[in-house]
1. Based on the Kirkwood radius over alpha-carbon pairs, what value in µm²/s does the Stokes-Einstein equation return for the translational diffusion coefficient of the chain at 37 °C and 0.692 mPa s?
2. Counting only protein heavy atoms, what percent of the accessible surface of the chain is carbon or sulfur at a 1.4 Å probe?
3. Among N316, A305, T334, pick out the residue whose Cα is farthest towards the positive end of the charge dipole of region 293-352, where Lys and Arg carry +1 and Asp and Glu carry -1 on C-beta, about the Cα centre.
4. Order these peptides, 294-302, 149-157, by their mean beta-carbon neighbour count within 10 angstrom, highest first.
5. Taking only DSSP H segments of four or more residues, each worth -39500 (n - 2.57), what value at 222 nm results for the chain once the sum is divided by all its residues, to the nearest 500 deg cm²/dmol?
6. Please identify, among P289, P104, P16, the residue showing maximal mean-square fluctuation in a Gaussian network model of the chain using a 10 angstrom Cα cutoff.
7. Over the residues of region 199-315, compute the C-alpha Rg and express it relative to 2.2 N^0.38 Å.
8. Please compute the contact order of region 26-144 in relative form: average sequence separation of alpha-carbon pairs under 8 Å and at least six residues apart, divided by the residue count, as a percent.
Amino acid sequence: MELNPKILENIRKVEPYVPGEQPQNRVIKLNTNENPYPPAPGVVEAVRNMDVDRFRLYPDPTASSLVNALSEYYGVGEDQVFVGVGSDDVLSMCFLTFFNSDKPVLFPDITYSFYKVWAELYRIPYVCPEVDEGFRIRREDYYRENGGIIFPNPNAPTAIYEELDFVEDIVSRNQDVIVIVDEAYIDFAGRSALELLDKYRNLLVVQTFSKARSMAGMRIGYAIGAPELIKYLNDVKYSFNSYTMNQPSLVYGVEAVKDKAYFEETVGRIIETREWAKKELKELGFVFPDAKANFIFATHPEYDAKELFEALKKENIYVRYWGSRRIEQYLRITIGTREEMEELFSFLKRYK
C-alpha cells in the first residue's frame with residue numbers, strides 16, 4: 001500500500017551522498033582513503049584496558065578530555081575547539097550553524113560531494129564555480145557576494161593542494177561571511193590554514209582522525225576557529241544531540257593525539273609510497289594532477305575508467321569510480337601499503 005500523496009508532499013527528499021563500498025571479504029581496499037596502518041600503540045593499549053563499566057554511563061557531553069588534548073597539540077584555547085562524530089558531522093553542523101543567509105554558499109563543482117547534499121538537506125542556496133581544465137579552483141570565482149564559502153585543501157577527489165597564500169586570499173576577501181577550509185588530507189600536503197586563525201575571525205578549519213590518524217572506524221572530527229564560532233557550533237550541537245561523542249572515541253582519540261612520533265612516521269610512509277606510486281603510474285601512461293593527499297586521481301588515455309574499475313574489482317582490488325560529469329574517465333586510488341600498491345601495479349601491467 002502506497003503512502004498518501006498528501007503525506008509525500010511534506011516529506012523532505014534529498015539525493016543522498018553515496019559512500020565508497022565497504023566490502024566485508026578480504027580485498028585490497030584502495031577506495032575510501034583509509035590509512036593502511038594501525039592506530040598508534042597507545043590506542044591499542046587503551047582498547048585492551050577499556051573500562052567497559054563506563055559504557056552504562058553517558059559520555060562527557062563537552063568531550064573535555066579530547067578538546068583539551070587537541071588544544072594542547074595545536075597550541076590553541078580549549079574554547080577554540082569543537083569535536084564531532086567524524087568531520088562529516090562537524091561539517092554538517094557548520095552548514096546548519098553558519099550558512100543561513102539568502103545568498104548562495106560557494107563551493108567548487110568538483111569537490112567533496114557531501115557539500116551539495118547538506119546544502120539541499122538544509123535548503124541552503126548554493127553555487128558551484130567550475131574548477132579550471134586542470135581541476136584547480138579559480139580564486140577569482142570566490143570574490144563575488146555570497147553567503148559563505150567552503151572548499152577542501154587538498155581538494156577531493158583531485159588531491160590538489162593550494163598554497164597558504166591562495167587560501168588567505170579567499171579568506172581575506174570574504175570577511176563578512178564564514179569561510180570553512182576542509183583539511184581532511186592536510187597532513188599529507190603542506191601548511192595548514194590554522195596558521196591564519198589569529199588574523200581572521202571568519203575562518204574555520206575542519207580536520208579529521210579518519211585519514212592520517214588511522215581512526216576512520218571511531219568517527220572523530222574537529223573544527224578549530226575563533227571562540228565565538230565554536231560557541232555557536234556548540235549551541236547548535238546541544239540543541240541537536242548533547243552526547244555526540246561516544247566513550248571509546250573520547251578515550252582512543254586522546255591516545256591518538258598523544259603519539260606525535262607514530263603519527264609522523266605513518267604519514268611519512270604514506271607520502272613515500274605515494275611519490276613512488278606516482279612514478280609507477282606515469283610509466284604506465286596514466287595522467288593525474290599532482291597528488292598531495294593519500295590518494296591519486298588518475299586517468300589513462302587508452303582505458304575506459306569504468307571498465308578498468310570493474311576489471312580491478314574482479315581481482316578484489318577496489319578503487320573509487322564516480323562517472324560524474326567532467327570526471328567520468330577518472331579513478332581515485334587510495335595509497336595503501338607498499339605491498340598492496342605492488343599488487344595493484346602488477347595487475348595494471350597485465351591489463352590490456
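1. Working: Rh = 21.4 Å.
Approximately 153 µm²/s, per Stokes-Einstein.
2. Numbers: 8190 of 16940 Å².
Carbon-and-sulfur percentage of accessible area, whole number: 48.
3. Value: A305.
4. Values: 294-302: 19.7, 149-157: 24.8.
So the peptides 294-302, 149-157, ranked by packing, come out 149-157, 294-302.
5. Numbers: 11 runs with 127 residues, N = 352.
Dividing the helical sum by the residues of the chain leaves -11000 deg cm²/dmol.
6. Result: P16 has the largest fluctuation of those listed.
7. Working: Rg = 19.7 Å, N = 117, 2.2 N^0.38 = 13.4 Å.
That ratio works out to 1.47.
8. Working: 67 pairs, mean separation 17.5, N = 119.
With pairs under 8 Å counted, the relative contact order is 15 percent.
The values are calculated or read from the model by the stated rules, or taken from the named source; none is laboratory data. Note that the structure is predicted; figures quoted are calculated from it, not measured. A quick note on method: Cβ atoms are made from the backbone with ideal geometry, for glycine too, and the neighbour counts reach across all protein chains shown. These accessible areas exclude ligands, DNA and RNA; they are computed on the full protein's heavy atoms, side chains included. Shrake-Rupley method; radii C 1.70, N 1.55, O 1.52, S 1.80 Å.
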